[in-house]
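Q: Got a structure for you, questions after.
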Amino acid sequence: MVLNGLLKTVQKIYLNHNIVLLMILVVLPIGVSLFTMGMFSSQIVQHVPIGIVKQDNSRLADRLESKLRSSPVLNIKTICSDMGECEHAVVRGEIQAFLVFPNDMERRALRLEAPVIPVYSSGQNYLTNMFATKEIRSVLAAAGSEMFTAQMEDPVKVQIHSVGNLKSNYQGFLVLGLVTAIFHLAAMIVGAYVASFPLRDHRVKEMIGYAGGSRLTLWVASVFPMNIVLWLESLGCYAYCHRLLAPLSFEEFVMTAAAQLFMIAACSGAGIVFVGVFGLMRMATGAAGIIGSPAFAFAGQTFPVMAMPFAVRCFAFILPLTHVLMIQSTMMLGDVDMNPAWHSMEILIAMAIFWNILGAFLMSMRWKQHVRLETKREETAKLEAQA
Amino acid sequence: MIKRLLKVAFAEWKLIYTDPAAVLLLVVAGLIYAFYYPVPYIYQTVSKVPVAVVDLDNTAMSRDLTRMASAAQQIEVKSIYTDMKEAEAAMARDEIYGFMVIPENMEKDIRGKHQVTVNIFTHGAYVMFHGAIGTAFSTCALTVGATNKVKQIALSKKVPSAKAIAMRDPIPISIQTLYNSTGGYANYVVPSVLVVILQQSLIIGICVLGGSRAHRRFRKKMRDSPVENETAEYRYFGRSLAFFVHYCSFILFYHCIVYNIFDFPRRGELLPMVVFSIVFLSSVINFGMVISQIFLRRETSMQLFLYMSIPVLFLANFSWPAYLMPQWMTAISYILPSTFAVPAWLSIEQMGADIYDVAPKLYQLAVQAIIYLILGLLLTHVRDKAKINAGDM
């Protein structure tokens with residue numbers, strides 16, 4: 001009886017050719033995740049457009065230029081006649097940086113006067129600026145060391161390794177987090193939608209009828225399928241994105257999967273709470289959007305949480321995304337120590353329970369209220385028809 | 001004519017402030033985001049990141065290198081280990097975000113003119129930490145290397161130290177960061193995001209209010225009002241005018257108040273800013289008017305555009321260069337006003353570009369505005385004639 005009611009309600013909610021639900025539950029989360037992965041498909045920054053102001057037309061200047069040209073990170077797009085021309089090119093967004101080979105550079109270098117080569121880079125392009133200046137520095141330092149001390153090795157060589165992301169690729173740095181953030185938002189939006197469309201369409205009585213008069217059955221039929229579908233999608237997208245990094249062990253996979261499940265449960269629960277509070281789909285969706293859309297900025301993957309003000313750190317703490325990203329980043333380090341991940345997992349479980357209990361309570365009240373309203377509506381309609 | 005237009009605009013403006021969903025999107029979102037988004041980055045840069053040093057050499061030179069690392073502004077050396085596993089475990093516990101391994105016999109090898117490799121390990125999940133830790137540790141290690149190389153040059157070539165320094169690095173470079181001299185993260189990210197916020201909230205807001213369509217179902221009581229029964233052109237331009245004026249005030253608010261509070265660079269000249277505001281808002285409003293004719297329900301646009309917020313941000317070409325994206329994605333990005341508006345706004349406001357510098361981007365925005373205007377008017381006529389029973393718009 002209960003199972004029958006449950007299945008019937010699930011069918012009515014999820015298999016009723018509701019195109020909007022299909023879009024927000026399946027098409028958009030997967031589509032947007034794959035699209036985001038595709039944007040970073042080149043993985044590393046290459047061919048950063050730069051300019052050169054060649055005040056010195058010596059052999060040294062030509063040699064430096066050809067060395068810069070041979071770097072895969074840089075792309076010499078323009079040779080400017082003066083600094084103003086290059087500066088305007090930066091303002092127009094045609095180049096990201098430019099360097100000046102000063103007058104008499106070769107002559108002064110040979111006389112050991114160490115002529116300084118100024119490099120101007122645009123601070124408005126943080127990422128490309130970082131890569132371009134690093135590459136320019138290393139190319140020019142290598143060229144300089146060949147001039148007088150070609151036989152002499154540098155005493156110290158430095159190698160930087162990014163643990164868990166050996167190639168320092170941006171699918172590892174950013175997209176794993178972005179995909180999780182997309183599902184963080186998706187769970188809130190879908191939670192708000194599934195809980196509010198019976199209210200919007202005045203179908204609460206009908207839905208409770210399918211559920212055999214049980215509000216608990218209606219809640220289970222509303223919440224469980226969306227959580228499972230979103231969780232499976234997020235796992236699939238995460239695994240697809242993770243293929244470029246070191247493979248996860250079974251334990252790490254279970255940990256990541258569990259974290260994503262509790263995040264989705266907590267976020268869909270929060271979406272339901274918004275419906276319980278506002279009672280309107282557009283208000284609940286708006287609230288979910290205002291909190292969920294910028295969540296990635298607060299979660300600490302692009303800008304560390306430790307460098308944020310205290311109040312913002314508190315806000316970051318209450319976002320499930322922050323804890324999932326912590327678990328995901330711990331899993332990137334390999335099987336060293338799982339204990340910190342367990343702490344984040346406990347927080348996620350607590351969040352999932354809290355938001356779902358609160359959501360169930362508020363929705364139960366809303367359903368009661370709407371059943372009364374719908375009954376009154378039907379009675380009024382009947383009376384009008386009789387009249 | 002103007003009176004009729006203003007009447008429609010005024011009615012729409014009134015609706016913006018009386019419909020709770022419109023208030024949330026068109027007023028509250030724009031205000032809240034202006035403060036909510038920049039606050040995490042208020043300290044602008046990452047400093048004192050907890051790190052460790054694994055000293056396998058334990059000599060005077062390795063201790064010098066550790067001291068140098070401790071003095072670096074970006075990092076804070078929390079522990080010194082003698083075993084790499086201890087550092088790995090500390091990184092897994094999130095106590096540190098990176099460590100430097102000073103190899104065994106470093107001092108001996110350097111004195112014996114053998115090259116040594118100093119390995120730096122950073123947490124693979126955090127891009128900012130990777131940059132900060134890598135730069136700080138490598139600067140220290142390379143300084144130790146440079147000092148020793150200068151000594152070697154001075155001794156082998158029998159030259160004074162000043163000449164040895166010049167021989168080691170005969171063409172030194174000096175890096176100047178333009179338009180963001182402090183290298184602040186907020187200066188880089190927030191101005192671009194503000195433009196995207198304006199675009200997204202305006203498009204969703206227009207869709208929630210049904211664009212320019214006649215007889216909006218959610219305004220049942222107003223169905224007979226003369227304003228709702230105006231001709232399509234008056235409805236279109238009148239309502240567009242209301243959104244335009246409303247969002248002009250937001251641009252002014254961001255420029256005069258938000259930029260001042262958070263101390264973002266503000267180099268915008270009046271003419272390019274005015275032209276930018278006109279073409280950007282025209283393009284976004286017309287785009288919103290087109291999109292609003294597609295949906296049957298008020299909330300659907302919200303659901304769609306909230307999902308799109310992350311890709312829209314990255315397609316705007318400020319954080320990940322467009323030339324590194326697949327071409328078909330770049331082609332898709334041309335649909336969105338933000339693709340041209342974000343670089344144009346950064347050029348004007350952050351870099352002080354004149355009208356000639358940003359003209360190509362403003363032309364592209366203007367072309368978008370014209371195309372969407374034609375489409376919007378066309379779709380409004382089609383929608384007005386169509387009989388649709390479902391939905392609330």
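Here, each number is a calculation from the coordinates, and none is a lab measurement. None of these values were measured; they are calculated from a predicted model. Counting neighbours? That spans all protein chains shown, and the Cβs are built from the backbone with ideal geometry, glycine included.
Q: HN-Hα J couplings of region B:294-300 from phi, Karplus 6.51/-1.76/1.60, θ = phi - 60°, integer Hz, Gly and Pro as x?
A: The phi angles translate into 7, 8, 9, 10, 5, 7, 4 Hz.
Q: Using a 10 angstrom Cβ neighbour count of at most 16 plus a DSSP loop assignment to flag exposed GluC sites (Glu not before Pro), which longest range of chain B is free of such sites? Display every interim value, and only then the final one.
A: Values: sites that count: B:95, B:104, B:228, B:269.
Maximal segment without exposed cleavage sites: B:270-393.
Q: Which value, in debye to the nearest 20, gives the size of the charge dipole of region B:1-158 about its Cα centre, when Lys and Arg are +1 and Asp and Glu are -1 at the Cβ? Mind showing how you got there, number by number?
A: Values: 17 positive and 14 negative charges, 182 e Å.
Roughly 880 debye, rounded to the nearest 20.
Q: Sequence-distant or interchain residues sharing an amide H contact under 5 Å with residue A:161, placed H: which?
A: For residue A:161, the qualifying residues are B:120, B:121, B:122.
Q: To continue, here is another question. Points 7 angstrom from Cα along the Cβ direction at residue A:69 and residue A:371: gap in nanometres?
A: Output for this residue pair reads 8.0 nm.
Q: Mind checking A:78-91 for the average number of partner chain beta-carbons within 10 Å of each residue's beta-carbon? Before the final figure, lay out the partial values.
A: Working: counts 0, 0, 0, 0, 0, 0, 0, 0, 0, 2, 5, 1, 6, 12.
So the per-residue partner count for this stretch is 2.
Q: Would you work out the relative contact order for region A:48-148, in percent, from Cα pairs under 8 angstrom that are 6 or more residues apart? Walk me through the numbers on the way to the answer.
A: On the way: 143 pairs, mean separation 33.6, N = 101.
Value for region A:48-148: 33 percent.
Q: Note down the relative contact order for chain B as a percent, whole number, built from C-alpha pairs under 8 angstrom at least six residues apart.
A: Details: 501 pairs, mean separation 74.1, N = 393.
Value for chain B: 19 percent.
Q: Then there's this: Over region B:216-323, calculate the relative contact order: mean separation of alpha carbon pairs under 8 Å at least 6 apart, over the residue count, as a percent.
A: Values: 22 pairs, mean separation 20.8, N = 108.
Averaging sequence separation for qualifying contacts and normalising by length gives 19 percent for region B:216-323.
Q: Show the residues, 5+ positions off or on another chain, whose built amide H is closer than 5 Å to the amide H of residue B:98.
A: Amide H neighbours of residue B:98: B:52.
Q: Tally the DSSP beta bridges in region B:49-168 and give the antiparallel ones as a percent, rounded to 5.
A: That works out to approximately 30 percent antiparallel.
Q: Whole-Hz ³J(HN,Hα) for each residue in region A:352-357, computed from phi via Karplus 6.51 cos²θ - 1.76 cosθ + 1.60 with θ = phi - 60°, x for glycine and proline: what do you get?
A: Computed from phi, the couplings for region A:352-357 are 4, 5, 4, 5, 6, 5 Hz.
Q: Helix-only estimate, please: 222 nm mean residue ellipticity of chain B, summing -39500 (n - 2.57) across DSSP H runs of length 4 or more and dividing by its residues, to the nearest 500.
A: Numbers: 14 runs with 224 residues, N = 393.
Computed ellipticity for chain B at 222 nm equals -19000 deg cm²/dmol.
Q: Among the listed pairs B:113/B:151; B:48/B:151; A:54/A:157; A:67/B:157; B:108/B:149, give every one whose C-alpha distance is greater than 20 Å.
A: Beyond 20 Å: B:48/B:151; A:54/A:157; A:67/B:157.
Q: I would also like to ask the following. How many angstrom separate the Cα center of region A:266-295 from the Cα center of region A:190-252?
A: Distance between centres, Cα-based: 15 Å.
Q: Running a GNM on chain B with Cα contacts under 10 Å, which residue among B:169, B:354, B:224 ends up with the highest mean-square fluctuation?
A: Comparing B:169, B:354, B:224 in the GNM, the peak value goes to B:169.
Q: Another question, if that's okay. Choose one answer from A:116, A:229, A:32: the residue with the largest mean-square fluctuation in a GNM of chain A with alpha-carbon springs under 10 Å.
A: Looking only at A:116, A:229, A:32, the largest GNM fluctuation is found for A:116.
Q: In chain A, what cysteines have no partner Cβ closer than 4.7 Å?
A: If one checks each Cβ against the other cysteines of chain A, A:237, A:241, A:267, A:314 turn up with nothing under 4.7 Å.
Q: Just counting partner chain Cβ atoms within 10 Å, what average do the residues of peptide A:137-144 show around their Cβ?
A: On the way: counts 3, 0, 1, 4, 7, 0, 2, 8.
That average works out to 3.
Q: Among the lysines, which have Cα under 23 Å from the Cα of residue A:376 when same-chain residues fewer than 8 positions away are ignored?
A: A:205, A:368, B:220, B:221
Q: Same structure, new question: Suppose the Debye formula is applied to equal point scatterers at every Cα of region B:295-393; what is log10 I(q)/I(0) at q = 0.16, 0.19, 0.21, 0.24 Å⁻¹?
A: The computed values of log10 I(q)/I(0) come out as -0.87, -1.06, -1.15, -1.26.
Q: Right, something else. Trypsin sites (Lys or Arg not before Pro) within region A:140-225: which are DSSP loop residues with at most 14 other Cβ atoms inside 10 Å?
A: Values: sites: A:157, A:167, A:200, A:203, A:205, A:215; in loops: A:167, A:203.
Filter output for region A:140-225: A:167.
Q: Then there's this: In sequence order, what are the phi-derived ³J(HN,Hα) couplings for region A:110-115 according to the Karplus relation 6.51 cos²θ - 1.76 cosθ + 1.60 with θ = phi - 60°, rounded to whole Hz, with x for glycine and proline?
A: Each residue's phi maps through the Karplus curve to give 5, 8, 6, 8, 6, x Hz.
Q: Per residue of A:297-306, count partner chain C-beta atoms within 10 Å of its C-beta, then hand back the mean as an integer. Could you put the intermediate results ahead of the total?
A: Numbers: counts 10, 4, 1, 4, 4, 8, 12, 10, 1, 7.
Whole-number average of other-chain Cβ neighbours for A:297-306 is 6.
Q: If you don't mind, another one. Need the C-alpha centroid separation for region B:119-188 versus region B:348-393, integer Å.
A: With region B:119-188 and region B:348-393 each reduced to a Cα centre, they are spaced 49 Å.
Q: Name the residues whose placed amide hydrogens come within less than 5 Å of the amide hydrogen of residue A:76, ignoring near sequence neighbours (fewer than 5 apart) on the same chain.
A: A:50
Q: Work out, in µm²/s and without decimals, the Stokes-Einstein translational diffusion coefficient of chain B at 20 °C, 1.002 mPa s, Rh from Kirkwood over C-alpha pairs. Walk me through the intermediate numbers first.
A: Working: Rh = 25.0 Å.
The Stokes-Einstein estimate is 86 µm²/s.
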